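The values are calculated or read from the model by the stated rules, or taken from the named source; none is laboratory data. Keep in mind that this is a model prediction, so the values were computed, not measured. Positions of Cβ are generated from backbone atoms using ideal geometry, with glycine treated the same way; all protein chains shown enter the neighbour counts. Just the protein is used for accessible areas: all its heavy atoms, side chains included, with ligands, DNA and RNA removed. Shrake-Rupley method; radii C 1.70, N 1.55, O 1.52, S 1.80 Å.
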Amino acid sequence: MKKITNGFLLIFLLFIFSFELYAQIDLDEVDANHEFQWGVISYHRGEFNESILSLEKSLSLKPYWEKTKLWLGHAHYRAGFTDAAIAYWTDILEKGGGSIDLRVKVDNIKYLRTMGPDLKETPRYVFFHEIFGVTDEYSIFKRPSSGFPTFDGGFYLSSFATNEVQKFSVNGVVKQTFRGGLSAINHPFDIIETKDYLFISEYSSDRIIRSSKGGKSIFRFGSPGSGSGELLGPQFFTDDGENHIYVTESGNGRVSKFDYEGNFIFSFGKENEYFNGFKQPTGIIFIENKVLVADGRKKELYLFDSQGNYIKSYKSDLLIAPEGISSFSENEYLIADGNRIILFNIYDESFRVFAGLEQTARLMKAFKDINGNIVAIDFNGNKVTLLTDYTRMYTGLNLSIDRILSDDFPNILVELTISTVDGSKYVGLEENNFLLAEDSYTNSSMSLISSGNKTDFVDISYLVEGSDIIKVSGSAKVDAMKDLLDSIEGRGVISIITAEEIPVLDLEQGSGIEKIKDSLSVNTNYSKNWSFDLGMRLASTQLIGGGSRKAVIFLSSGKLNQEAFSHYSLTETLDYLNNNGIVFYTVYVNDNDKSPELEFLSKETGGLTLPLYGPSGINAILPHLRSKPSGSYTLKFRTERDSDFGRRALPVEVQVSHFDRSGKDRSVYYGPGE
């Protein structure tokens, strides 16, 4: 009996102890953490609405949790609700929380929304970095005469004295050297890159080299002389985009035009009844079916039509010895002139000093690279000087961790985007530009496995207006798709969505022609109550987590109904596109009807508006999309952290550095559950 009593007492004491322990557990905290976890997981899956719902539940249980407000800001931002995101983040900052990175992020978003790049002051460029060709320790290049920007953020450089052309990375490192094969390059002067070729002017051999971009398949044309197709002192190039190049000849005092196969077309620039002739033609650039040429001795610029007929001249006391010309922005051109860079505006015919270098410099060419920096080629100084907009110099780079994939735990993928303060994508960065840390400890297993700018794969949502007007437009729906299939060339996937009253996903990321044809034959419930904003939301959602080049292509009658933005405002629709890197294109069935809202969305996302039945159809869309810089990167690392069977939030921090500029972002993720 005594044993039974003692056993009963032990059980009673254990019950009391367990009850007290249970009473000490904060069940709200348990539930809040659970909802927070699902909010983060949903976010990384691209399910932003679901993420918001879970995070709001978490915040209702623990209203003062900063981490939940932070992630609610992230989720609202990606869902297109930028004002709500700013409100959550501002609340954190005003209460003394958050990081410096969060404050910078909020300031940048506010800047882009209120001022934006279109309203910013004329940029002032300042010294950024120098690449020396000759030092006491090494010699990389000597007497650089010209250069040309590459799509990967670097540039080509003509090393006149060493008979080489070099390709530099965004970090100023030589990646390739071209010497001309068995017959060496003889004093290369200028170089340009076209879609398929490199063209190099050989100053001392009076000829032109055409090669593949890898420096192989070399083909030379031209020979010394003053006759048709002959060259004397070929210097600067320009390309008309239609398989023709123009080259200035210092020895012949003229410009000669050739096709890509080396066939001579014509030359111009000699004295005639309309033009008194060149003395020393130097820089040249093709501008909308016209050719602008500098004359170093006359200190003037001359404009000709594409057939070489003289149009007019431009003079300025600022011009001393103009050399290479390059495009800076719409209507504005950079001219290398002595130790200065001159900015010429062809619209108002104005000249101003853009930047000045040291007195001994002799600039041969200055051009803007794909990241917006100015590359100045100094012949006398044996160096390349990089200049950048001072607002970018002191604000660093914006790094955004877009999502983290942990399905292959412990191998983790981190997708991120790099941009400048004005929203321009920053391309060409390499593995050594990144640093990844967990719990403030560097993870040495990190590798850069992809850079979005290196691929031309496209992810397309083809959105069709579900109106009665489209119903009676005949084969427009099919015709537009035919044009897209012709230009996608097997390098992309297409989703098809119809913006009915309740939008319908007709095809989810298909690439097979038969599947696409079948989806186009699906019956559509055309109606005057079709929903544009819901259709846009569904079309855009198909692209979340897709490739680096994403676009919604909308087939439109040009007329939106009154319900077009009844669920999501125009601003929310725009932000959903921009905050997820999606470009919007409008294709009009009838070019006479154009919607201001559609024009706005296309312009603000960097897209185009085109008539379906124009001269070239809509074949320009995908080349335009593929030509846009992409600042997306994917990092891979192996974590040694314990995920506690998917219950523990694992922190990640990524930092990017490029010369004197840097940026960083933090995030968390969860491993897979049991």
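Taking residue 278, is it open to solvent by 20 Å² or more (accessible area, probe 1.4 Å), among the aromatic types (Phe, Trp, Tyr), closer than 19 Å to residue 311 by Cα and in contact with a Ser or Thr (Cβ under 6 Å, 6 or more places away or on another chain)? So residue 278 does not fit the description; no.
Out of everything in segment 341-378 that is assigned to a loop (DSSP other than H, G, I, E, B) and touching a Lys or Arg at 6+ places or on another chain (Cβ under 8 Å), what residue ends up being nearest to residue 391 (Cα to Cα)?
Looking at residues that are assigned to a loop (DSSP other than H, G, I, E, B) and touching a Lys or Arg at 6+ places or on another chain (Cβ under 8 Å), I get 372.
Search segment 221-238 for residues being in contact with an Asp or Glu (Cβ under 9 Å, 6 or more places away or on another chain), open to solvent by less than 60 Å² (accessible area, probe 1.4 Å) and not in a loop (DSSP other than H, G, I, E, B), and hand back the single one that is farthest from residue 293 (Cα to Cα). Among those that are in contact with an Asp or Glu (Cβ under 9 Å, 6 or more places away or on another chain), open to solvent by less than 60 Å² (accessible area, probe 1.4 Å) and not in a loop (DSSP other than H, G, I, E, B), it is 221. Exactly one residue among 561, 619 is polar (S, T, N, Q), modelled with pLDDT under 95 and open to solvent by less than 50 Å² (accessible area, probe 1.4 Å), and that residue is 561.
Residues that are touching a Gly at 6+ places or on another chain (Cβ under 6 Å), of a type in the set (D, E, K, R) and open to solvent by 30 Å² or more (accessible area, probe 1.4 Å) do occur in segment 263-273, at least one of them. Grab the strands (runs of 3 or more DSSP E) fully contained in segment 409-458, keeping just those with 2 or more residues being within 20 Å of residue 370 (Cα to Cα). Once the strands (runs of 3 or more DSSP E) in segment 409-458 are filtered for at least 2 residues that are within 20 Å of residue 370 (Cα to Cα), what remains is 411-419, 447-451. Residues in segment 317-338 that are open to solvent by 30 Å² or more (accessible area, probe 1.4 Å) and either at pLDDT 95 or above or at positive phi (or both): 317, 318, 320, 321, 327, 331, 332.
Criterion first (touching a residue at least 12 places away in the same chain (Cβ under 8 Å) and closer than 15 Å to residue 267 by Cα) does residue 215 satisfy it? Taking the combined requirement at face value, the residue does not satisfy it. Scanning segment 394-408 for residues that are among the acidic types (Asp, Glu), in a strand (DSSP E or B) and surrounded by fewer than 20 Cβ atoms within 10 Å (Cβ to Cβ) yields nothing.
Put simply, of 531, 548, 566 the only residue that is within 14 Å of residue 501 (Cα to Cα), among the small types (Gly, Ala, Ser) and open to solvent by 10 Å² or more (accessible area, probe 1.4 Å) is 566. Selection of segment 411-457 for residues being touching a helix residue (DSSP H, G or I) at 6+ places or on another chain (Cβ under 6 Å) and at positive phi yields only 423. Kindly evaluate residue 418 against the criterion of being closer than 30 Å to residue 336 by Cβ, buried (at least 19 other Cβ atoms within 10 Å of the Cβ) and among the β-branched types (Val, Ile, Thr). Yes: the conditions hold for residue 418. Residues in segment 187-217 that are of a type in the set (Gly, Ala, Ser), assigned to a loop (DSSP other than H, G, I, E, B) and open to solvent by less than 50 Å² (accessible area, probe 1.4 Å): 205, 214, 215.
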